[in-house]
Amino acid sequence: MTPSDPPVGSAFLLTQLGTHAAQAFARRIGELDLTPPQTGLLRAIAGAPGSSQQALAELLGTPATRLVALVDGLEQRGLVERRRNPNDRRLHAVHLTDAGTALMADIGRVARAHDDAVLAALDPDERTRLRELLGKVAADQGLTPGVHPGYKTLR
């Protein structure tokens, strides 16, 4: 940029950094043989064990058919299991397996390393303030805490 270039807007910077961070996270989480959507689903299951597939689809804002395919893939890898809901036999409750629980620790380590790498230019107080400000903006935009809005467009 030159001094004569117009200033870049905050929304552009958020998009630029968000895209960069998402791409870097996909590379990092790929080392665990996971995709970001699989990672988000595992986090959702860990946060609400025993949820139905329908409830998880609603939480993530994704079509139930897409969620079933994601659960199928994680189940085939032995990371999650479906159990009949004892209160409604028509529903399946989704749980992490022991392998899935162990993988969550690895995901946490990758996520923390990713956060540290992306925010390396900031000191701890600046990181806290940035997180607070971004949380305020996300809430104002009606975003579900901890859920990537990209689930709505997954195919």
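The values are calculated or read from the model by the stated rules, or taken from the named source; none is laboratory data. Computed from a prediction, not measured in an experiment: that's the story for all the values here. Here Cβ is always computed from backbone atoms with ideal geometry, including for glycine, and neighbour counts include all displayed protein chains. In case anyone asks, the SASA skips ligands and DNA or RNA and just uses the protein heavy atoms, side chains included. Shrake-Rupley method; radii C 1.70, N 1.55, O 1.52, S 1.80 Å.
Only residues that are outside any loop (DSSP other than H, G, I, E, B), among the charged types (D, E, K, R) and more than 16 Å from ALA11 (Cα to Cα): list them for the range 132-155, please. Give the steps one after another, and end with the answer.
In the first step, residues of the range 132-155 are kept if they are outside any loop (DSSP other than H, G, I, E, B); the result is 132-140, 149-153.
From the residues that got through so far, the ones that are among the charged types (D, E, K, R) too are 132, 136, 140, 152.
Listed by number, the residues that qualify are GLU132, LYS152.
Can you go through ALA93, ALA57, ALA69 and tell me which one is outside any helix (DSSP H, G or I), modelled with pLDDT under 95 and farther than 27 Å from LEU17 by Cβ?
Working: ALA57 fails: outside any helix (DSSP H, G or I); ALA69 fails: outside any helix (DSSP H, G or I).
The match here is ALA93.
Of all residues in the range 49-63 being in contact with a strand residue (DSSP E or B) (Cβ under 9 Å, 6 or more places away or on another chain) and open to solvent by less than 40 Å² (accessible area, probe 1.4 Å), which is nearest to LEU143 (Cα to Cα)?
LEU56
For the condition free of Cβ contacts under 8 Å to residues at least 24 places away in the same chain, assigned to a helix (DSSP H, G or I), open to solvent by 50 Å² or more (accessible area, probe 1.4 Å) and more than 23 Å from PRO149 (Cα to Cα), what is the one hit in ALA120, ALA102?
On the way: ALA120 fails: assigned to a helix (DSSP H, G or I).
Answer to the check: ALA102.
In the set ARG112, ARG83, ARG43, which member is under 21 Å from PRO145 (Cα atoms), out of contact with any Leu (no Cβ under 7 Å at 6 or more places or on another chain), among the charged types (D, E, K, R) and surrounded by fewer than 13 Cβ atoms within 10 Å (Cβ to Cβ)? Please lay out each step first, then the result.
Working: ARG83 fails: under 21 Å from PRO145 (Cα atoms); ARG43 fails: surrounded by fewer than 13 Cβ atoms within 10 Å (Cβ to Cβ).
Unique residue meeting the criteria: ARG112.
Looking only at residues in the range 1-40 that are assigned to a loop (DSSP other than H, G, I, E, B) and closer than 23 Å to ARG66 by Cβ, which one is least open to solvent (accessible area, probe 1.4 Å)? Outline the logic, then answer.
In the first step, residues of the range 1-40 are kept if they are assigned to a loop (DSSP other than H, G, I, E, B); the result is 1-9, 31-35.
The next check asks that each one be closer than 23 Å to ARG66 by Cβ; those that pass are 32-35.
Details: LEU32: 43, ASP33: 104, LEU34: 9, THR35: 62 Å².
Checked the range 1-40; the qualifying residue least open to solvent (accessible area, probe 1.4 Å) is LEU34.
Within the set of pairs 6+ apart or on separate chains, which have a first residue in the range 18-45 that is under 20 Å from LEU60 (Cα atoms), a second that is open to solvent by 70 Å² or more (accessible area, probe 1.4 Å) and of a type in the set (A, V, I, L, M, F, W, C), and C-beta atoms under 7 Å apart?
From residues that are under 20 Å from LEU60 (Cα atoms), the pairs are ALA44/LEU59.
With (1) farther than 24 Å from HIS20 by Cα; (2) open to solvent by 50 Å² or more (accessible area, probe 1.4 Å) as the list, and GLY78 as the residue in question, which single condition is left unmet?
Condition (2) is where GLY78 drops out.
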